[in-house]
Structure formats: structure tokens, C-alpha cells
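Notes for the one structure printed next.
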Amino acid sequence: MVKYLKENFFVRYHRFDSFTHVNQQLEQWIADVADKRELRQFKETPEQRFALEQEHLQPLPDTDFDTSYFDIRHMSWDSYIEVGGNRYSVPEALCGQPVSIRISLDDELRIYSNEKLVASHRLCSASSGWQTVLEHHAPLWQQVSQVEHRPLMCL
């Protein structure tokens, strides 16, 4: 299709005032030229072919197609997962459990447990280190602060 446009549309039309102008010219060219040519493999024009297929087309789904990268990770003992050489915090209640991750095209890391979103982070550049949300570790810090404090004995 790209080759066809380059060799047929853009050869005739070289200058455009805006994207709107390109789209207008392209729509007009498709209606007047492209949809009227006969396709060798079908012995029909695209216009005729579309008329035959139109009744069989189904509507697009209401939800967008998820193009995110998907993987399963195992939570470490310290409430982090590793992604791309960096470590990202996850709520401490999930330590030791598997979680699923999704990385979107705009570098948003979303972490799920049993299909429920439990954490999200912006992906860091390679080897940037640790990304921590303090609320993920608050219960761990409370446990540490409750440890009995003993005086140091000097000998």
C-alpha cells in the first residue's frame, strides 16, 4: 500500500499546506482513482470488493487493544521486582508471591496481583537503580521500629 501511494499519489501531488490538506487530497484521490482501478487478483475494484465484504464486517471492540509487554515476576523478600536492570517497589504484603507486569509503549510499568493493580512506576533508563514508593514499605518499617532497643555494653 505504501509503495502504491508513493508511486501513484505522491507523484501527482507534491505540495500540501497542512495535514488536513494532505488528508483532503488523499480522500479525493482514493474516491476518484484508487477505488476505481480493477484489482488483478479479484477482477473487481476496491469499491466493488468493499460492497461485498461490508455486510460481514463486525464493529470494533469498545476497549482498546492492549499492546503492553506482559510478563510474570516473583516478588523478592525485600518487596522489589527487577525489570530491565532496575528494581521497583511493590507493596510488602506480596513478598515472595508471583506478580504480573505490563509495560506500556509510553514506559509505564504496571504491577498486578490476581489481576488487581497494586503498583505503578515510570520505567527508568538502564541501571538507574531503585524506585521506591514509601507506602509500599511502611509496614516493614513499623516492624523494624518495634524491635527492642538494648543499651550498648562497652567492655
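Read-outs: derived from the displayed coordinates by stated rules, not from any lab. Small disclaimer: the values here were computed from a predicted structure and weren't measured. Glycine gets a Cβ as well: all are built from the backbone with ideal geometry, and neighbour counts include every protein chain shown.
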Study note, to complete from the structure: Note, the stretch 74-89: 3J(HN,Hα) by Karplus (6.51, -1.76, 1.60, θ = phi - 60°), whole Hz, Gly/Pro = x, goes 9, 5, 7, 5, 9, 6, 10, 10, 9, 9, x, x, 10, 10, 10, 6
Study note, to complete from the structure: Per-residue ellipticity at 222 nm attributable to helices in the chain (runs of n ≥ 4 DSSP H, -39500 (n - 2.57) apiece, nearest 500 deg cm²/dmol) works out to -6500 deg cm²/dmol
Revision key, fill the gap. As a Kirkwood estimate from alpha-carbon pairs, the chain has a hydrodynamic radius in angstrom of 21.6
**Study point:** Translational diffusion of the stretch 69-145, µm² s⁻¹ [Kirkwood Rh, Cα pairs; Stokes-Einstein; 20 °C; 1.002 mPa s]
**Key:** 170
**Study point:** Most fluctuating residue given options PHE19, PHE50, PHE70, as computed from a GNM of the chain linking Cα atoms under 10 Å
**Key:** PHE19
Point to revise | Ascending count of other beta-carbon atoms within 10 Å, so fewest first, for TRP130, TRP29, TRP77 | key: TRP77, TRP130, TRP29
Exercise for review: For the stretch 36-86 and the stretch 101-116, write down the distance between their C-alpha centroids in whole Å.
Suggested key: 19
Practice item. Taking 7 Å along the Cα-to-C-beta vector as the label spot, tell me the LEU105-TYR69 distance in nanometres, rounded to one decimal. Key: 1.5
Review point. Two-decimal Rg/Rh of the stretch 2-49 from alpha-carbon positions, Kirkwood Rh?
Key: 1.04
Check your understanding: About its Cα centre, what dipole magnitude does the chain give when the only charges are +1 on Lys and Arg Cβ and -1 on Asp and Glu Cβ, stated in debye to the nearest 20?
Key -> 500
Point to revise | Candidates ASP78, ASP17, ASP64, ranked by Gaussian network fluctuation over the chain, Cα under 10 Å, top entry | key: ASP17
Study note, to complete from the structure: Taking 107-114, 30-37 and ranking on average Cβ neighbours within 10 Å, highest first, one gets 107-114, 30-37
Study note, to complete from the structure: For the stretch 69-145, the dipole about the Cα centre with charges only on Cβ (Lys and Arg +1, Asp and Glu -1), to the nearest 20 debye, works out at 40
Point to revise | DSSP-assigned coil residues among GluC sites (Glu not before Pro) in the stretch 1-48, each with at most 15 further Cβ atoms within 10 Å | key: GLU38
Point to revise | Selected from SER76, ALA126, HIS56, residue furthest toward positive end of dipole (the chain; charges at beta carbon) | key: ALA126
